[in-house]
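Please read the structure below before turning to the comments.
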Amino acid sequence: MRRNSEAGQALAVTIVVMVALIGFAGLGVDMGMLRYEKRLQQSAADAAAIAGANDVAFPSGGAIEAGQNASAANSYTDTSGNDVSKCGPGAAVGTVCVQIDNPPLDGPHDGVTGCSPAVSCYVEARVAAVQPTYFMRILGVMQETVTARAVATNVSGGPNNGCVYALGSGSPPAGGIQGSGATLNNPNCTIIDNGDFLGGLVTNLALFGASGSGGNGTPATSDPLSYLTAPVGTIYPPTTLNSGTTNFAPGVYVISGGNLTIGGNATVTGTGVTFYFTNGATISVSGSASLQLTAPTTGPYAGILFFQDPNDTNPPLLGGVGNVLSGILYFPKAPLTLSGGSSVGAIVTQSLTLTGGQINLQGFAGLSLGANGVKVATLVE
């Protein structure tokens, strides 16, 4: 009888020990899985905060849209309508909640405002996901909500010595930089290519920004000049210049509904000028034409030489011979083609194709930008 009694006690002790061991295994295995998931979510939160901070100058909702898109690009697509609380108790496994707040709702930058041109230069991103458990189910823990948080700002970025921002993903014309028989020479400035498509074109490469799917793994950069607004200036009708010299007086020239076409052996000069292309207009330079143009150094468009409406995707062509373009070439949604040798300040474009010659890049730091500093977001929390 004693043996049977002792055997029963041993069985009970064994069951208790097994439950404890399974519990510890659950803590080890499940916590390891949850930590792994949080690392993935942290990458999505970091990318969302950076993208949102880059886009705070857009109209209301710009930071939210950019942050949500960046999180989705990192495999966490919001199903909550920008409400992280929907991943709380009772939420189904697999629910993803991405909430973007500008200004942040928590932490040392809670409610910080007053950053022109946006209400706040700080963006908070929270990425929550309801994750399943495995071994811990024996203890009644069926799921856990994992949350990652990040805050970014475009305050500390300030003017950046960038040369080229190729904003589109993939190869041209969707995005990236490519060409043949051409070289981008950037001795003192950086190149950012969201298309992961640089190859043999760049000397003195300082930075290769990836789309998030390859390259050096950095989040895709957003439009660094997105805060610029459409200018009002002298209406200059669509025109073809094929010969002689045309000099533009200082000012802003609005070209609407048709191209500014420069070809033959025409020479175009101007100091303190900005050309704005809208309603389907763009610029086309070819043949032996030559441009000698300098952007304004003061005023709302300081440093901006060419500015194409972000709603227009018509492709600009800058060919010609010996062009000197001292300013920013801003074609945010259009694929730009450069051919022939040129000296250029800086380029922001959807994609860049080079078809021969050497392009010498000065970079933003070499330009008189006034208030038009490049906004480059950085993580602060």
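The values are calculated or read from the model by the stated rules, or taken from the named source; none is laboratory data. This one's a predicted model, so the numbers in the text were calculated from it and none came from an experiment. All Cβ positions, glycine included, derive from the backbone under ideal geometry; neighbour counts span all protein chains shown. Ligands, DNA and RNA are stripped out before the accessible areas are found, and what is left, the full protein with its side chains, is counted by its heavy atoms. Shrake-Rupley method; radii C 1.70, N 1.55, O 1.52, S 1.80 Å.
Some points to look at:
- Backbone N atoms of the range 227-270 closer than 14 Å to the 7 Å Cα→Cβ label point of VAL321 belong to residues 243-244, 263-268.
- Packing rank of 256-267, 287-298, 123-134, 80-91, where each peptide gets the mean count of other beta carbons within 10 Å, highest leading: 123-134, 287-298, 256-267, 80-91
- ASN259 long-range amide H proximity, modeled H, under 5 Å: THR282
- Computed from label points 7 Å out along Cα-Cβ, the spacing between ALA72 and GLN358 is 4.4 nm.
- Think of a 1.4 Å ball rolled over the protein heavy atoms: the range 275-370 then has 29 Å² of accessible area per residue.
- Using a simple spin-label model with pseudo-atoms 7 Å out from Cα toward Cβ, THR246 and GLU381 lie 5.3 nm apart.
- Translational diffusion coefficient of the range 233-381 (Stokes-Einstein, Kirkwood radius from Cα pairs, 20 °C, 1.002 mPa s): 140 µm²/s.
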